[in-house]
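K.L.:
Below is one structure. I have some questions about it.
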Ligand code: ATP
Ligand code: MG
Ligand code: MG
Ligand code: MG
């Protein structure tokens, strides 16, 4: 393309570094350091949280930061920001993406931040101003938060200003942590009309690109808001969405950040090339599969390279879920052979070379993906057969899939529950949600107990009877005495 993603990234960083005196700080790994409130790094500001909170070690380099810029590797697949379910369905949400950002820590504030953002977009990148819409925080009576009048005044002469509430224009990192009112810039892909009513509606035509957050508060664990020791600016713009606009496309997947991957997937598949279809009728079909696999292999590569391996709890469990979803789409929809997923890693590495560095970790990443794939393949076959058999059985009542079977797919065959949902949705069927929730709650009860004491002990103490354990479906060995709980 005329303007490759690498240049879009470079222009952003140069603008803040060279023209506005920001220090370029490298991306942190996607595994959060010393922050138990997070599964993955989900925004550029995560690594700067101590500065925002005023808790940075005064002797650290970080303590001297006033203006910084970076491009941060982000994963949004768990916790407060979880986009996993959207991936593949739309053209703008990824589980892994790069967030371009600039920060002021007690330096400039609202006015300068807005002016720089506007100048970069309209002058340097040349985006026509009449394609842009800006939103601001209109206040929230219930929580006593005032409207962001200052920001409204700053943008007023632009004329495309829209008020929104807490959900859209008050940014929070997680259930606790730094937060504040924000102003967001949205882009209309069509133009030549008034698209104001489409802002923040998940319309594919009008897409949010840049969020400027004015960090003024900290959300405490008890949910109260305290003023921060100093006010800061924290901005984040999705590279993939910006590149999409600048390369004149309608989909992030049509940019050079994804097309080599879609091509590589086609090479190893037995289906037609990617054609960009979306919508309800395409859920679970070929184009969605291309997008999911392209997205998930990026996330898997970056996470494994940063030391998060598919596993059994926390971020590791999320990664295992992502891997299993990817394997399922590869095998069942794209009809790829075993090992296909891992064979995409060199392409990811090529696209993201500046981001994930050299290819040193390569064999390790491919090995881990292959091992995990092999682990899941036989369960996948059994599971798909079980779904078919259930749908064809005489007892099956039309439209509602039995929760017990869904649960057993999860518990015995290791299917992520969201994948079960998706596989049923593809067949126009829904699971008996209420009953499934009940089964999940019960299993949590057992897990809770088994975390404290082992299950044998529980039985001896008569906390749970043998019959109850069997009813709850706790897996057991053949002698019927030794019970072992597993996820
Ligand atoms: P959206 O409303 O589209 O879900 P958001 O409001 O959750 O986005 P922010 O937390 O404000 O996103 O993050 C800042 C920017 O990061 C967004 O304006 C967008 O450009 C980008 N971004 C957010 N989530 C994703 C994602 N899942 N994939 C790609 N880019 C994203
Ligand atoms: Mg979001
Ligand atoms: Mg948003
Ligand atoms: Mg936003």
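Each reported figure results from applying straightforward, stated rules to the coordinates on display, with no laboratory input. Because the structure is predicted, anything quoted here is derived from the model rather than measured. With ideal geometry, Cβ positions are generated from the backbone for all residues, glycine too; neighbour counts draw on all protein chains shown.
K.L.:
Expressed in whole Å with the largest first, what are the equivalent ellipsoid semi-axes of region 347-450 derived from the C-alpha gyration tensor as the square root of 5 times each eigenvalue? Provide the component values of the computation, followed by the final result.
P.N.:
Details: eigenvalues 242, 65, 36 Å².
One finds semi-axes of 35, 18, 13 Å for region 347-450.
K.L.:
What percent do you get for the relative contact order of region 258-395 when only Cα pairs under 8 Å and 6+ apart count? Don't jump to the answer; show the numbers that get you there.
P.N.:
Working: 139 pairs, mean separation 34.6, N = 138.
Answer for region 258-395 is 25 percent.
K.L.:
Provide, as a two-decimal number, the C-alpha radius of gyration of region 7-59 over 2.2 N^0.38 Å, N being how many residues it has.
P.N.:
Numbers: Rg = 13.5 Å, N = 53, 2.2 N^0.38 = 9.9 Å.
Ratio of Rg to 2.2 N^0.38 Å for region 7-59: 1.35.
K.L.:
Under a plain spin-label model, where a point goes 7 Å from the Cα along Cα-to-Cβ, how far apart in nm are residue 63 and residue 364?
P.N.:
3.3 nm
K.L.:
For region 5-246, what are the per-bin percents of Cα-Cα distances with bins 5 Å wide, up to the bin holding the maximum?
P.N.:
Result, from short to long distances: 1, 6, 14, 19, 21, 19, 13, 6, 1, 0, 0 percent.
K.L.:
Output the Cα-based Rg and Dmax of region 258-395 in Å, rounding Rg to one decimal and Dmax to a whole number.
P.N.:
Considering region 258-395 through its Cα atoms, Rg and Dmax are 15.5, 56 Å.
K.L.:
Next question, about the same structure. Kindly list the residues of region 245-276 that lie in the label zone of residue 350, defined by a backbone N under 15 Å from the point 7 Å along the Cα-to-C-beta vector.
P.N.:
Once the point is set 7 Å along Cα→Cβ of residue 350, 256-268 turn out to lie under 15 Å by backbone N, inside region 245-276.
K.L.:
Would you order 345, 429, 221 from fewest to most other beta-carbon atoms within 10 Å of each residue's own beta-carbon? Could you put the intermediate results ahead of the total?
P.N.:
Values: 345 23, 429 16, 221 9.
Least to most surrounded, the residues fall as 221, 429, 345.
K.L.:
Still on this structure, I have one more. Between the alpha-carbon centers of region 314-345 and region 88-103, tell me the distance in whole angstrom.
P.N.:
20 Å
K.L.:
Then there is this: Can you tell me the 0 to 90 degree angle between the C-alpha axis of helix 5-14 and the longest principal axis of the chain, rounded to 10?
P.N.:
50 degrees
K.L.:
If you split all Cα-Cα distances of the chain into 10 Å bins from zero, what percentages do you get per bin, shortest first?
P.N.:
Taking all Cα pairs of the chain, the binned fractions are 4, 18, 26, 25, 17, 8, 2, 0 percent.
K.L.:
Ok, one more. Just want to confirm a number: the relative contact order over region 5-246, from Cα pairs under 8 angstrom separated by 6+ residues, in percent. Working shown, then result.
P.N.:
Numbers: 481 pairs, mean separation 50.9, N = 242.
Here the relative contact order equals 21 percent.
K.L.:
Still on this structure, please answer the following. How large is Rg over Rh for region 34-122, taking Rg from the Cα atoms and Rh as the Kirkwood inverse mean of 1/r across Cα pairs?
P.N.:
Numbers: Rg = 15.4 Å, Rh = 15.0 Å.
Value, to two decimals: 1.03.
K.L.:
Something else now. Relative to a virtual label point 7 Å from the Cα of residue 122 in the Cα→beta-carbon direction, which members of region 135-165 show backbone nitrogen distances below 14 Å?
P.N.:
135, 154-161, by backbone N distance to the label point.
K.L.:
Just the Cα atoms of region 200-289: what Rg and Dmax do they give in Å?
P.N.:
So, for region 200-289, Rg and Dmax equal 19.5, 58 Å respectively.
K.L.:
Quick check: residue separation of residue 280 and residue 55 times 0.36 nm, minus the Cα distance between them. What number comes out in nm? Write out the running numbers ahead of the final one.
P.N.:
Details: separation 225, 0.36 × 225 = 81.00 nm, distance 4.73 nm.
Result: 76.3 nm gained on full extension.
K.L.:
Helix 417-426 against the longest principal axis of the chain: what's the angle in degrees, Cα atoms only, rounded to the nearest 10?
P.N.:
Between the helix axis and the principal axis of the chain, the angle is about 90 degrees.
K.L.:
So, one more: Just from its helices, what would the mean residue ellipticity at 222 nm be for the chain, if runs of 4 or more DSSP H residues each count -39500 (n - 2.57) and the sum is divided by every residue, rounded to the nearest 500 deg cm²/dmol?
P.N.:
Numbers: 18 runs with 186 residues, N = 487.
The per-residue figure over the chain is -11500 deg cm²/dmol.
K.L.:
Calculate how steeply helix 314-328 sits against the longest principal axis of the alpha-carbon atoms of the chain, using the helix alpha-carbon long axis, and give the answer as 0 to 90 degrees to the nearest 10.
P.N.:
70 degrees
K.L.:
Could you line up 125, 217 from fewest to most neighbouring Cβ atoms inside 10 Å? Could the numbers behind the result be given before it?
P.N.:
On the way: 125 16, 217 20.
So the ranking, lowest neighbour count to highest, is 125, 217.
K.L.:
Using alpha-carbon pairs under 8 Å, 6+ residues apart, how would you state the relative contact order of the chain in percent? Each step should come with its number before you reach the end.
P.N.:
Details: 789 pairs, mean separation 57.5, N = 487.
This gives 12 percent for the chain.
K.L.:
Could you please rank 95, 366, placing first whichever residue has the fewest other Cβ atoms within 10 Å of its Cβ? List each step's numbers first, then the result.
P.N.:
Working: 95 28, 366 19.
Ranked by crowding around the Cβ, least crowded first: 366, 95.
K.L.:
Pop a pseudo-label 7 angstrom from the Cα along the beta-carbon direction at both residue 141 and residue 193 and give the gap in nm to one decimal.
P.N.:
3.4 nm
K.L.:
What FRET efficiency do you get for residue 6 and residue 227 if R0 is 35 Å and r is their Cβ-Cβ distance, rounded to the nearest 0.05? Write out the running numbers ahead of the final one.
P.N.:
Values: r = 40 Å, r/R0 = 1.15.
Efficiency, rounded to the nearest 0.05: 0.30.
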